[in-house]
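Below you'll find the structure, written out as structure tokens, and then a few comments.
Since every read-out is calculated from the coordinates, none of them should be taken as a lab result. The model shown is predicted, which means the values in this text are computed figures rather than measured ones. Glycine gets a Cβ as well: all are built from the backbone with ideal geometry, and neighbour counts include every protein chain shown.
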Protein chains: 2
Amino acid sequence: MKILITSGGTTEKIDQVRGITNHSTGRLGKQIAERFLAAQHQVTLVTAPSAVKPSVQEGLSVLEISTVADLIETLEPLVKTHDVLIHSMAVSDYTPVYMTDFEEVEHADNLAQFLTKQNTQTKISSQADYQVLFLKKTPKVISLVKQWNPAIKLIGFKLLVNADKKELFQVARNSLNTNQMDYVLANDLAHISAEQHLAYLLDKTKAYKAQTKAEIADLIFEKVTDHD
Amino acid sequence: MKILITSGGTTEKIDQVRGITNHSTGRLGKQIAERFLAAQHQVTLVTAPSAVKPSVQEGLSVLEISTVADLIETLEPLVKTHDVLIHSMAVSDYTPVYMTDFEEVEHADNLAQFLTKQNTQTKISSQADYQVLFLKKTPKVISLVKQWNPAIKLIGFKLLVNADKKELFQVARNSLNTNQMDYVLANDLAHISAEQHLAYLLDKTKAYKAQTKAEIADLIFEKVTDHD
């Protein structure tokens, strides 16, 4: 099978030196990729420059992207030519529009003007004690996948922070339904450490538990290859 | 000599999953560290988790930090026990204070209230079309160095974007004087690529040109070890 995996986190530029980053090491995506490669599947990994990656090997292609716009442009043709997408990348939900001194904002009559402004400096000045950054929502990449290829098997990821299990399942299943995922991996940052990675792989009705990144990789591998 | 080098970029947290990052690969700092290690100097490298690093070797200690606050806490005792600081790290000049929906800001009577507010959620909600992030200036790490240790030899870095040479020299020498640097490396993002890294090492009156990261490392090495 042709397996498409995303990993790492996107970065949206504020200016040429600063950006907003979704923190993700890429470790889980790497492990999932290695699980499929070990079983001779063909893997395309779309990832961030700073993410950890499997070693160069037959059957693996790696593509690096930075921004959500890059991700969409890169994924669309790949989604159309792969059997499975395992979308573990932490995708920025907001992208910078305009950054300015607090004083300019405080003295403005109309704040909506800042939602369409653009910075002209290549490196935004850093004199003021306070600055204000206006951001707008990015397109939801996961919601586009089944539009691009209704036949692809889609495994999404939902990460919460300090949620209880009920809330985690609710939010994850809501995303599963909205984005027509086949499975969603529900996990919580509070239960992720170097040794442990508690997660639940959910479909509409069932839940499968994993305790480590290796177990998550095994679980996803089993479910994806189950009906082959 | 005991050489302290900083490299990579700091990240200031917006919440537990997002941060503002100063982009820097750490490549130049790595090369400078390797130059001193090759001449049997003792090197302490303070760097970011995602930055590239020299291989583990005798004479090298590596410390990883994320935020400006981490950097200050880590650097202060080190500055007091080293002979030289080569401060090539890209340090965040602003840190997030509060992030909220645009509507909340638009309808507020007094915007200054947002400069002292704190987000209570661990992962800021992402429903609104637009959000606003308030940021405050971070302490200038470079300005503290000679207060901590007046005898340390200090090499600072100034990176501009698309400046002309005259402006670059002016801004760099201004920083040299303000922060009591012994040398400042002045460079411009427009002249940095994989093969090339145009830079000028300036003191109060003279300027030395380098065209690659290796030449920069050599130049700094020469000036630092000159009067030993």
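For A:Ala39, the requirement of being farther than 20 Å from A:Leu159 by Cβ, out of contact with any Ser or Thr (no Cβ under 7 Å at 6 or more places or on another chain) and not charged (D, E, K, R) is met. Residues that are farther than 23 Å from B:Asp83 by Cβ and in a helix (DSSP H, G or I) do not occur anywhere in the stretch B:188-207.
Scanning the stretch A:82-99 for residues that are away from every other protein chain (no Cβ under 11 Å) and either of a type in the set (D, E, K, R) or within 17 Å of B:Thr100 (Cβ to Cβ) (or both) turns up just one, A:Asp83. Annotation: of all residues in the stretch A:201-228 being within 17 Å of the chain's Cα centre (by Cα) and not basic (Lys, Arg), the one that is farthest from A:Gln170 (Cα to Cα) is A:Ala217.
I'd like to verify a number: residues in the stretch A:1-23 that are of a type in the set (A, V, I, L, M, F, W, C), over 16 Å from the mean Cα position of the chain (by Cα) and more than 8 Å from chain B (Cβ to nearest Cβ), how many?
2
For the stretch A:161-178, what are the residues that are surrounded by 19 or more Cβ atoms within 10 Å (Cβ to Cβ) and away from every other protein chain (no Cβ under 13 Å)? A:Ala172, A:Arg173, A:Leu176, listed by residue number. Scanning the stretch B:103-131 for residues that are buried (at least 18 other Cβ atoms within 10 Å of the Cβ), in a helix (DSSP H, G or I) and within 7 Å of chain A (Cβ to nearest Cβ) yields B:Val105, B:Leu111.
When A:Ala163 is tested against (1) without any contact (Cβ under 8 Å) to a residue 40 or more places away in the chain; (2) among the aliphatic types (A, V, I, L, M); (3) assigned to a strand (DSSP E or B); (4) over 30 Å from B:Asp93 (Cβ atoms), just one condition goes unmet, and that condition is (3).
Of the residues making up the stretch B:60-109, those that are under 22 Å from B:Leu135 (Cβ atoms) and of a type in the set (Ser, Thr, Tyr) number 7. Could you count how many residues in the stretch A:27-49 are within 19 Å of the chain's Cα centre (by Cα) and surrounded by 23 or more Cβ atoms within 10 Å (Cβ to Cβ)? The number of residues fulfilling the criteria is 10.
Among the residues of the stretch B:144-160, are any at the interface with chain A (Cβ under 10 Å from one of its Cβ atoms) and under 23 Å from A:Gly19 (Cα atoms)? Checked against the condition, which is being at the interface with chain A (Cβ under 10 Å from one of its Cβ atoms) and under 23 Å from A:Gly19 (Cα atoms), the stretch B:144-160 yields at least one hit.
With respect to being over 24 Å from B:Thr25 (Cα atoms), touching an Asp or Glu at 6+ places or on another chain (Cβ under 8 Å) and either among the basic types (Lys, Arg) or within 9 Å of chain A (Cβ to nearest Cβ) (or both), B:Phe134 falls outside the description.
Every condition in (1) of a type in the set (D, E, K, R); (2) closer than 21 Å to B:Pro77 by Cβ; (3) touching a Ser or Thr at 6+ places or on another chain (Cβ under 8 Å) holds for B:Lys140 except the one numbered (3).
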